[in-house]
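The values are calculated or read from the model by the stated rules, or taken from the named source; none is laboratory data. These numbers were taken from a predicted model, which means no experiment stands behind them. With ideal geometry, Cβ positions are generated from the backbone for all residues, glycine too; neighbour counts draw on all protein chains shown.
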Amino acid sequence: MNRNIAVIRGDGIGPEIVNQALLVLKRVAELYGHTFTYTDVDMGGCAIDKWGDPLPQEMLQKCIESDSVLLGAVGGPKWNDVPGHMRPEKGLLRLRAGMGVYSNNRPAKIWPQLADASPLKESIVQKGIDFIIVRELIGGIYFGKHETVEENGEAVSIDELRYTESEIERIGRIGFETAQKRNKKLCSVEKSNVLDSSRLWKKVMHRLAAEYPDVELSDMLVDNCAMQIVKDPSQFDVIVTENMFGDILSDEASMITGSIGMIPSSSLGATGCGLYEPIHGSAPDIAGKDIANPIGTVLAAAMMLRYSFDMAEEADCIENAVSAVLDAGYRTGDIFSEGCKKVGCTEMGSLIIENLKKG
């Protein structure tokens, strides 16, 4: 199978971690007889330096024309003082909108080898943490009207929370379809006791449920969900929710797994072309030191194989290799503990490649 992958190395540690993920993909392609062709794309601070634009239209077009996009990380203090519309992160927002990726899927999975790194009690962690948050990505309060006006002599800020029925339906379908590929349990999270948008959300989700009889749908208010994630995360399989709620809950979920360096994410839309990246930032303070953790990016590549290319066996191959390396006690600095063997970014990538075995 031939696939064209747009590669955004980005800023900070981005180039280092992406390079390791590409080496892993190269070996997977050799094992399974695939051909992956890569198209380099400039986005973020590096694009500002080179082109004066965080995402030139030409670069966006390369992403749109690819089969999927692999992203490292963008941003850093070097670009903190540029005008707001020119910040590296604006390139990412433009990329999501341009690709039409409206669903951000972020796994919250604790690797048994790293159970001690979780801030939760051992009795909770032992029950297991393995769920996905499906977050609506290009609607809601982040994309509504924002303004600050003066009323009665004081400033008043207004942020519009708006969702259409069709926007809810399309993210709802992603939630149901993701649950179908896992344990067939979907929790719809909203605030329907207060918000009209959430009442519409709940209505649409229950209408969709009739089309997915194999998936068990439940409803949960967002404040209760925040509590339940730390009380008993094992109860969740797939959570689907709106933009702001998903932003907050997915950060909470990443924290309970112990290290953001291990967590990948995907952003999907109406086509198979997705955007795959680790959840962590560009970490400019450790860039170029060969100490960054590449596992989140490697696992993002595995997600790309699974969800965009329907290569489930190949994705399992990568995930099994990561598990084997952790079983052997190898750790980068961010997940290191006494008794383990500390390795750098390049060596971690090499170890994962050595453990890639065709099922």
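Summary table below
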{"quantity": "TYR38 vs. criteria of a type in the set (Ser, Thr, Tyr), under 21 Å from GLY349 (Cβ atoms), touching a helix residue (DSSP H, G or I) at 6+ places or on another chain (Cβ under 6 Å) and in contact (Cβ under 8 Å) with a residue 12 or more places away in the chain", "calculated": "no"}
{"quantity": "Check on SER282, closer than 29 Å to MET43 by Cβ, in contact with a Leu (Cβ under 9 Å, 6 or more places away or on another chain) and of a type in the set (S, T, N, Q)", "calculated": "no"}
{"quantity": "Unique residue being crowded, with 19+ Cβ neighbours inside 10 Å, touching a strand residue (DSSP E or B) at 6+ places or on another chain (Cβ under 8 Å) and small (Gly, Ala, Ser) when the list is ALA6, ALA29, ALA47", "calculated": "ALA6"}
{"quantity": "Complete set of residues in the range 17-48 that are within 22 Å of ILE64 (Cα to Cα) and in contact with a Cys (Cβ under 7 Å, 6 or more places away or on another chain)", "calculated": "VAL41"}
{"quantity": "Single residue of the range 255-272 satisfying the filter (at pLDDT below 90 and in contact with a helix residue (DSSP H, G or I) (Cβ under 6 Å, 6 or more places away or on another chain)) that is nearest to GLY140 (Cα to Cα)", "calculated": "ILE260"}
{"quantity": "Considering residues of the range 1-54 that are part of a helix (DSSP H, G or I) and among the small types (Gly, Ala, Ser) only, the residue farthest from LEU95 (Cα to Cα)", "calculated": "ALA29"}
{"quantity": "Matching entry among GLU122, GLU160, GLU136, GLU150 (being out of contact with any His (no Cβ under 6 Å at 6 or more places or on another chain), charged (D, E, K, R) and buried (at least 18 other Cβ atoms within 10 Å of the Cβ))", "calculated": "GLU136"}
{"quantity": "Qualifying residue in the range 143-157 (condition: within 24 Å of the chain's Cα centre (by Cα) and within 26 Å of LEU55 (Cα to Cα))", "calculated": "yes"}
{"quantity": "Residue ranges of helices (runs of 4 or more DSSP H) in the range 282-355 with at least 2 members more than 19 Å from the chain's Cα centre (by Cα) and at negative phi", "calculated": "312-327, 345-354"}
{"quantity": "Subset of the range 118-170 [without any contact (Cβ under 8 Å) to a residue 24 or more places away in the chain, in a strand (DSSP E or B) and touching an Asp or Glu at 6+ places or on another chain (Cβ under 6 Å)]", "calculated": "HIS146, ILE158"}
{"quantity": "Residue in the range 191-211 that is surrounded by 14 or more Cβ atoms within 10 Å (Cβ to Cβ) and closer than 28 Å to GLU122 by Cα present", "calculated": "no"}
{"quantity": "Residue list for the range 90-117, restricted to those being without any contact (Cβ under 8 Å) to a residue 40 or more places away in the chain and either of a type in the set (Val, Ile, Thr) or under 18 Å from HIS280 (Cα atoms) (or both)", "calculated": "LYS90, LEU93"}
{"quantity": "Check on ASN193, closer than 18 Å to PHE245 by Cβ and modelled with pLDDT of 95 or more", "calculated": "yes"}
{"quantity": "Which numbered condition ASP81 fails, given (1) part of a loop (DSSP other than H, G, I, E, B); (2) free of Cβ contacts under 8 Å to residues at least 24 places away in the same chain; (3) closer than 25 Å to TRP201 by Cβ", "calculated": "(3)"}
{"quantity": "Evaluation of MET99 against (1) surrounded by 20 or more Cβ atoms within 10 Å (Cβ to Cβ); (2) not assigned by TED's automatic domain parsing to the domain that holds GLY44 (one fails), failing number", "calculated": "(2)"}
